[in-house]
Structure formats: C-alpha cells, structure tokens
Amino acid sequence: MFLSRIVLRDLDSIDSPTYMASSKKVVTRDVWERKLRDVKIRKEDMNRLVMNFLVTEGYVDAADKFRVESGTQPDIDLATITDRMEVKRAVQSGNVQEAIEKINDLNPTILDTNPQLYFHLQQQKLIELIRAGKINEALEFAQEELAPRGEENQAFLEEIEKTVALLVFEDVKNCPYGELLDVSQRLKTASEVNAAILTSQSHEKAFLRSPPPPQLLPTLQHSSPATAAAPSQPAALLPHRSSFPSPRSSPVAAPSLSFAVAPPLFFSPLHRQLTGAAPPFQIDGRLSHPAQASNAEADWDGLWRQISGLTDYSHPFLFSSTLALAESYFFLYHHFLVIADPKLPSLLKMLIWTQNQLDEKAAYPRINNFSTAALEDPSI
Amino acid sequence: MVANQEQEVDTASPAATAVDPMRLASRWRSPEEWNEVAKELEAEPAPSELNTVNSSGLFAVVSTDKMSVRYLGTNHHGHDVGVVQADRPAPTHRAVYYFEMRVKNAGEKGQTSIGFTCEGFKMRRQPGWESNSCGYHGDDGYLYRGHGKGESFGPKFTSGDIIGAGINYVSQEFFFTKNGSPVGGFPKDIKGPLYPTIAVHSQDEEVTVNFGKEQFCFDIEDYILKEKMRQQSASDKLYLQPDISHWVVRSYLLHYGYQDTLNSFDMASETDPPANHQNGFGEPPEMYGISHRKILRQLIMSGDIDSTFKRLGEWYPQVIKDEKSVICFLLHSQRFIEYIRAEECEDAVKYARANLASFLTHKAFDGAHGNFWPFRFSMPFEIVALLAYDKPAETCIGYLLDSPQREFVADAVNATVLSTNPNMKDPESCLYSCLEKLLRQLTVCSFERRAFNNDQGDTFLLHKEMQKCERSRRS
C-alpha cells in the first residue's frame, strides 16, 4: 500500500518487462498515473510551501491575505518584512545615505554596534565626492564626519589618509598605484574575500540559518559560480599586489585591513548558497520593486559592475575599499533582507534533476512543461 | 471527459474520467491520522541490539543488555573470532546509516574490529576476512575488504576509543571514524542487506556498541547535512525557467480560488503578467468562476452549508442536480456535522433522516473504490456515528468536526465547480493544481530513482521538506 512497496511490487510483478534497445525499463502511462495517484500530499504542506514563497519573496500583503483565506501561518512575522524591504530598496538602488537613515530608524543599535560598517559607508560617500570632483565638499566632509572617527581608531585613520591622498592625483585612473585589475583577478579576490568573510562569521540571529560548518569551507571557493571559470588561486594575487611600493599602503595589508576590521557578517553569498541553496546574489540597481528585489540571480561580476559605477577599482586602495563596500552591502542585504530562501524554486530544480537521473534508467512519462505540468508519454 | 454535465459525478458508473472528489481524501487531513500515515511511509526496521542467536557463542559472550560482547578464554588461530552481528540489517531508506563501537578493553592483543557483514557470514572470522564483508581492525589499523590481506587504512585503536562505521548510500561508500574524526572511506562494493558487525579476538577484549540510542561521538548529523547539501547544490545549479515559480504559485491561488491573495499577488508583481504571456504560458483555465469559488469556499469554511446549497443552485445547478452524487453526499454530511458541532442533535437526526439515509445504502459507498481509500465506504457510517457520542470532539472521529473537514468539502466543491468549465479538458486539473502535479511527479520520480539504486537512499516527501523549514525557523 505504501509507495515504496508499490514500486517494488511493480518491479517484481512485471513478467516480461519491456526494455528498450538500450535496456531501459519502460513504465507505461497507466502504471505511472497509478503511482502518481497513490502519493499522499497534504494540502497543509502545499499551503505552507506557497506561504513560504510569498513571505520570502516579499509579497507581504499577499501573504497576509493568504493567511486569512487559507488559514496558514506565515514563517515569520509579516510586520518586519516591510521595514526590511524599505532598507533593501535603498541599498539596491545604491542610495547609501537613505539606507543608513532607514537602518537607524529600524534599529539604531546596528550601526552603533558596527562602527566599521558605518565608517565604510561614510568612506564610500567621501570617495564619491572625490570622484565627482567636488573637492571642497569632500574635504569638508572628511574633516567633519570622518576625521573624528580616525581619532578614535588607528585603522580608520589610515584609511582616511589613503582616501584623502586620492585628492593628490588628478587622474585617479592613471596614478602610479593603479595597475588595472582584470575581471578574473577581481573574481579571485572576491572568492578570497568571501572565504575570509565566512571565517569571520560567528553569530546567528534567531531567524537566520546557522553558519556553514568549517569543513565545508574548502569546497566553497570552487563551488561559487564566480570562481568556476577562473581557477581559484588567491595566492597568485598577492605577489602581484605586493609589487606596489609603499609599505603603508601595502596592497596585502589593504584588503586584509578592510575585512579584518569588517563586522562579522551573518551571511555571505556562498553561505546562502550552502544553507539556502541559492546561488550568490546580484545587486541590480534596476530592481526597485520589493517583490522582485530579493529574487535576483547572484553574480559577483554584476556586483562589481554596479560598485565600479560608484568607485574606481583600478586603484588598490579603492579596490580594497570596494571590497569593504561590498561587505557592507552584503551585510546590510543579508541582515535585513534575507529571511530565508524560497523553497519552491529549489524543489522545481530537484524535479528537473531527479527526472534527468531517472532518464538514465527508465523511460517514463515526463513533465517537460512546468507551466502545464502535463505528462508526456515515454518515447519508445 | 467531463462533457456531459448531466451525469456529473456519477460514481456508480465506471466513468473514471469524471471528477472524483473523494480523491481529495479527508482522513489524513487530521493531524493524528496523518502522523500514522507519515510513520508508515517512513517506517523501516533498524538495528537496535546485538544478535545473540547467531553469534559465535563459543568464543565470545554477549552481555545481558545485548549491547556488549566480551571474548572468552584465549585465542589460538584465525578461526576463533568472537564476532557478533546486529539484530537487523542496516536500513536503506535514508541517506546514511551509522553506528559506533567503544572499545572497553583492548585485552591482550587489541584485535577488536568493526564493520559490515552479510547474512550467513562465517561467525568465527573477523569482518573483512571473508568475502562480502568489510572491517576496520584495531590491532593494525588496516582495512579488510573480503580477503585475508588487508590494506593500510587508518590509525590503530585501543581501549577507550570510539570507532564508528557507516554506509553512505548517496555516494555509495563505506566510511569509518575514530573518536569523532573521519578516518576514511572507500567504495561500497557489497550488495544485499548489510549487518553492522563487531568482533573481539583476544583474551579479555570487550567492546560496547551504540546503535543510536545514545548520542554519537562523531557528528553524524553534520555529515548527513553535508551530503544532502552536495546533492542540493548539484540540482540548484540547474537552469530553471525564469518566473516559473511565480507562475506555479499564481496557478495554485487560481486553482483553489484564493482570490484576495491572487489580486494582491498580481498587484505586487505588476511588471510580471506581461512576462507570463511572453513566455508562452497562456491564459490559465483556472480563472473560471473564481469569484464564485471564493465565495463558496468562504461559506463552507464558516460552516454555512445552507447558503452553499443556495448559491450552488443559483450558479452551478448541475453540480447538485444529481441527489445521489458524491458532492451532494459531502455537502449533506457537512450540514449534518455542523448540526453536531452546534450540539443540535435533534435537528441533526432530522436532517440525516431526510438527506443522509439514502447514502448509507448506496452501493457506491460500499467499498467499490475501496482499494486505497478503505475508509471511504465507512464514511457515511462514521459521520452518522457522531450521534452516538456525548462529546464527539474527543473521540477518534472527532476530526470530522474540525476545520480540515470543512476544507476538504470546500476543495471538493471547488473541484466540482471547475469541472463544469466547458473548456476544461483534463479532469485531473480540476483536482490537482499545477503545483500538486509537479510535487507528485517529484515524489514518484524520487521513489523510482531509489528503486533503481537497489532501494537505497533518501526520497522526497513534501511533509519532511516542510518540517525541515519548520525546524530551521525555530532554531
């Protein structure tokens, strides 16, 4: 009566199983439909799956209506989602200032307890002013907002000094430090950053998933799509960067500085990949609608594209500050926005995968068109 | 085909293409019943203690609690091993099986070992010394895979060490651990039921076994999670049609008539609908009668069956035209149930006499379709039996008074109304949403796949997936 026993019984009771030339077992439509009917699926579980989708994709109002219409309880308090969506919108449209304000409204302690995060966000603003050529404004901002931070913290001071030093170069792109870093090297560094971020994680919020177990880390760098193409050789990056002259602005120090002082991140794209089975995400300024925003496909390259629109990655210091900015974005994104990943896409992919696996052994009615879920007869 | 609306849901006829609302089965919508079903779905006997019947009693003695074994006397040669198997073979309906052994006393020569053997193993030889067995031996740290000569594998182990042995059905490997750390693994080349096996072979050797009643030294949960993640990341890399999840959710809402949710969903995704058409998804047939279905559902969920009848008469008279149809039975029985809920027993009896009596004798309810839904034929009797109890809610049929029962009736009415759509080509679509069809296919495919893998490994079960959601939400 149970599905597994039915399956085995079928295998046994078929007297002369029909085999294709390549000896695949053929399952007729009738037999398959009987199996389909015998599956026991609770409506309650399907409702929960749908609710999970609505909640994680940010359809707050729809989730609320669904709660009323179907009696299903949402995974998470709906009230908090709207707030997060606001922050998310600000972050993804690159409006750092607005994001900071909204975060402060939502949870003033978060920036207080993460001074580095706040500092990097401020620093980014300074860089933007310099790039825009607004020298006076930049200096004023540096003096009023950033310098006090530098007094509190030696590391911050160094960063401020480096940032201000950019003012010296008329053409930042062609400054002596600026050896253009190509895409693959950026990607390598990105994976390096990611690994470092992961090792710096230690906390877990109530609704977030736990950090990946340490044993998983070695596999991560290779499983990230960003590094899939480029061979992961973070070490190769270091000698190149160590060719920069000044010991104080040593490029080896620069990136490690930025994430040594970086706040412990609760998530990272690869972490999400691990725990939530979603590929690394992409911040796409185009996505301003809350519903769409969280389901963006992930892509380090896309992130760089957007951030490089904000800053200049040719300069090693700027590059490291870009990394810091990336971290900040990730931190904000994940802390405020990731509640969980929707289960549904993952299950649909599992269906594709399982059918592909089964194809090797049997010819059976497949579902090829997910929008109709129509069974297609096994081709003989 | 549901062309003839006259003989809508005539269950007496063999017209299997008609919409059969009973397939939306109500019994296991109640939590208690479902737990039973779920347990049966996943039940598989597993080792719990050592087998005292076939152990080599000459050379070793198993403790009274059947969890330890001690060598007797002194050993002299290679055919006096005190080997013991577990009482049952390792279960295969899971991703990984694992157990551990603790060396209480390495005795004179420390020749304890752990591994897996088949039925009919020569119970005087170390696991791994005979074909169709494998063993990790403590005296030399070697791995034996069916020949007398082993290969260097891991560290030796002695008194106080906890050694684990496991079968990874996903990667088809055996693996061993020592004191919580993995030692190594190798491909599983033995077929058939495998018994966890431990052995002692020299004076005073004693080992204790743990089949899971106590916590393991090795973090097996983590290992299993890792394995599952690997599988999931493989499938997650696959290409999924963009917006398909959105479409599937939308069609679910349409199917069940959750109109308010649907409207909100559409409004929030205003940029998406055009994409749907672009992707060639087409206009969903479930749009049919959605506002009516929404109202009908609301009425039934609030217990107002009289209004439901009225509305159906106005909007879809063909549904209730046949007084003997399943849908009429369900509606009448729900009305009856509502009387019981309101504790209006006299009215309940009156109603039953007027409307339910005929169903008790109807041959359609005598088990004709009772193969997989054996409770079906007893449903009219069960419902009427509610009368017998003073406090029906506290009995085993109390689930009939709960809202899942109302929901079942609502879903049945929904399906039947959908079937009145002249454009509805496929009766299955009245019963199952696109999402449900996909989930069923996933379930069957995953079971079939396991069957091809010698019935080893885990399968997809929606309720287990959703439980995982629940657990990670709480943690």
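The values are calculated or read from the model by the stated rules, or taken from the named source; none is laboratory data. Computed from a predicted model, the values in this text were never measured in an experiment. Cβ placement follows ideal geometry from the backbone for every residue including glycine, while neighbour counts extend to all protein chains displayed.
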Q | Set B:GLN405, B:GLN456, B:GLN467: member being within 23 Å of the chain's Cα centre (by Cα), in a helix (DSSP H, G or I), farther than 27 Å from B:ASP304 by Cβ and of a type outside the set (Ser, Thr, Tyr) | A | B:GLN467
Q: Hey, can you tell me all the residues within the stretch B:155-177 that are touching a strand residue (DSSP E or B) at 6+ places or on another chain (Cβ under 6 Å), part of a loop (DSSP other than H, G, I, E, B) and buried (at least 20 other Cβ atoms within 10 Å of the Cβ)?
A: B:PHE157
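Look through the stretch B:392-402, keep the residues that are outside any helix (DSSP H, G or I) and modelled with pLDDT under 85, and return whichever of them is surrounded by the fewest Cβ atoms within 10 Å (Cβ to Cβ). If you could, list the steps in order and put the result at the bottom.
Step one: list which residues in the stretch B:392-402 are outside any helix (DSSP H, G or I), which gives B:395-397, B:402.
Adding the requirement that they be modelled with pLDDT under 85 leaves B:395-397.
On the way: B:THR395: 15, B:CYS396: 12, B:ILE397: 16.
In this case the residue turns out to be B:CYS396.
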Q: Please verify whether the stretch B:169-190 includes one or more residues that are farther than 27 Å from B:VAL69 by Cβ, touching an Asp or Glu at 6+ places or on another chain (Cβ under 7 Å) and β-branched (Val, Ile, Thr).
A: yes
Q. Does at least one position in the stretch B:443-451 carry a residue that is more than 7 Å from chain A (Cβ to nearest Cβ) and of a type in the set (Lys, Arg)?
A. yes
(Q) Suppose we keep only residues that are in a helix (DSSP H, G or I) and of a type in the set (Val, Ile, Thr) within the stretch B:408-453. Which one would you say is surrounded by the fewest Cβ atoms within 10 Å (Cβ to Cβ)? (A) B:THR443
Q | Residues within the stretch A:60-82 that are within 8 Å of another protein chain (Cβ to nearest Cβ), closer than 16 Å to B:LEU435 by Cβ and in contact (Cβ under 8 Å) with a residue 12 or more places away in the chain, tallied | A | 2
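Do the conditions hold for B:VAL103, that is, is it over 40 Å from the mean Cα position of the chain (by Cα) and touching a residue at least 60 places away in the same chain (Cβ under 8 Å)? Break it down into steps so the answer makes sense when it comes.
Details: over 40 Å from the mean Cα position of the chain (by Cα): no; touching a residue at least 60 places away in the same chain (Cβ under 8 Å): yes.
Considered against the rule, which asks whether it is over 40 Å from the mean Cα position of the chain (by Cα) and touching a residue at least 60 places away in the same chain (Cβ under 8 Å), B:VAL103 comes out as no.
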Q) Consider B:TYR432 against the criteria (1) under 18 Å from the mean Cα position of the chain (by Cα); (2) within 10 Å of chain A (Cβ to nearest Cβ): it satisfies all of them except one. Which criterion is unmet? A) (1)
Q: Could you look through the stretch B:194-246, keep only residues that are within 14 Å of another protein chain (Cβ to nearest Cβ) and among the β-branched types (Val, Ile, Thr), and pick out the one that is nearest to B:MET101 (Cα to Cα)?
A: B:ILE220
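B:ASP260: within 7 Å of chain A (Cβ to nearest Cβ), in a helix (DSSP H, G or I) and charged (D, E, K, R), yes or no? First the steps, then the outcome.
Details: within 7 Å of chain A (Cβ to nearest Cβ): yes; in a helix (DSSP H, G or I): yes; charged (D, E, K, R): yes.
In short, yes.
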Q. Which ones in the stretch A:35-59 are touching a residue at least 60 places away in the same chain (Cβ under 8 Å) and either in contact with a strand residue (DSSP E or B) (Cβ under 6 Å, 6 or more places away or on another chain) or more than 7 Å from every other protein chain (Cβ to nearest Cβ) (or both)?
A. A:VAL55, A:THR56, A:GLU57, A:GLY58
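Got at least one residue in the stretch B:178-197 being without any contact (Cβ under 8 Å) to a residue 60 or more places away in the chain and surrounded by 19 or more Cβ atoms within 10 Å (Cβ to Cβ)? Don't jump to the end; show me each part of the working.
The initial filter retains those residues of the stretch B:178-197 that are without any contact (Cβ under 8 Å) to a residue 60 or more places away in the chain, namely B:178-189.
Checking which are surrounded by 19 or more Cβ atoms within 10 Å (Cβ to Cβ) leaves us with B:178, B:183.
Looking through the stretch B:178-197, at least one residue is without any contact (Cβ under 8 Å) to a residue 60 or more places away in the chain and surrounded by 19 or more Cβ atoms within 10 Å (Cβ to Cβ).
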